[in-house]
Amino acid sequence: MKKGFFCTVALLLTMMITGVSAGTSVFTQNVYAAAYDDFDDDDFDDDDFDEDDEDFDDWDEFEDEEEDDEDIDLPAIGTSLYDKASNAWYKVIAIEEETETALLEYVRPNDKAASTVVIPEDVEVEDDLYEVIKVANNAFLNNKAVKKVVISDYVRSIGNNAFKGCGKLTTVTMGKDVETIGASAFENCPKLKNLTLGKNVETIGEKAFKKCTSLTKVTLSKTVTKIGKQAFCGDKQLKNVTIKSNKYTAKTMGKQAFKDIHKKAVIKVPAKKAASYKQVL
């Protein structure tokens, strides 16, 4: 190796070390060192760097893909969307800017004769994936066909009158993210017998389960902080009620919430709240 080369490298190293010790910020980019017994410019061939080479074409495609990923064209709030997989209509109700995702509500089934309905976690429309966070108000109002409903995770609320008057509805299973059940959401569903509330339900609206005359039992977890007026009123077969929260007051437990349930109903409450809950209930 030539003596000049060693000198040059030593000088560069000295300059870098001096810069660092002086508190100077040193930035190097794409630095390559090569040592040859005989360093010769002829070792490099311009043909090796042909811009028409396939490798360059691939890089251009990669850059184009990155640019495409940056430009996400989200639908405007209020836009209606149809999802073939769930055979249902949705509407954009919000845009989550952090994740650049459109948030949807389930508006109505496309097939009103379907007996089983699954409200999905998300839907894919034109290769874009959107989250479903709500069942819209009146989505299944007076539907005469639906018998079973599964509400998936990510769905946070069930709108007012969403399933009101569903005469054949027997089974409802809610995902873990449901927090709010709207007013009259399941009112007058006389065959509703199997009800699984989400583990994180916080609010049960007024008349939410009024006149569900086949409902026999319900468990309200500690997360339920508010129960509306007449929420379970008129559920004549409701015989077993378990209340796990110890925070209810006259303001958070609506009047007549459990009026006209089974005459021999057993309501289980936290032991230390037994006396006060007799007045509230």
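Some notes on this structure:
- One decimal place: the segment residue 168-residue 259 gains 30.4 nm when fully extended, by the rule 0.36 nm per residue minus the C-alpha distance.
- In region 123-216, Cα pairs under 8 Å separated by at least six residues give a relative contact order of 24 percent.
- Potential lengthening of the chain between residue 138 and residue 77 amounts to 20.0 nm, from the contour at 0.36 nm per residue minus the alpha-carbon distance.
- Backbone N under 14 Å from the residue 250 label point (7 Å along Cα→Cβ), restricted to region 259-281: 276-281
- Links that overshoot a 20 Å alpha carbon limit, given the list 176/222; 229/259; 112/199: 112/199
- Other residues within the sphere of radius under 10 Å centred on the Cβ of residue 88, judged by their own Cβ, net out at 0 (K and R +1, D and E -1).
- Full-extension gain in nm, residue 281 to residue 113, via 0.36 nm per residue minus C-alpha separation: 56.5 nm
- Remark: region 159-271 carries 48 Å² of accessible area per residue (probe radius 1.4 Å; ligands, DNA and RNA excluded).
- Summed side-chain charge close to residue 208 - residues other than residue 208 whose Cβ falls under 12 Å, Lys, Arg +1, Asp, Glu -1: +3
- If you take all other residues with their beta carbon under 9 Å from the beta carbon of residue 115, and give Lys and Arg +1 and Asp and Glu -1, the sum is +3.
The values are calculated or read from the model by the stated rules, or taken from the named source; none is laboratory data. Fair warning: this is a prediction, and the values are worked out from it, not measured in the lab. Heads up, the Cβs are rebuilt from the backbone with ideal geometry, glycines too, and the neighbour counts pull from every protein chain shown. To get the accessible areas, we keep the full protein, side chains included, count just its heavy atoms, and leave off ligands, DNA and RNA. Shrake-Rupley method; radii C 1.70, N 1.55, O 1.52, S 1.80 Å.
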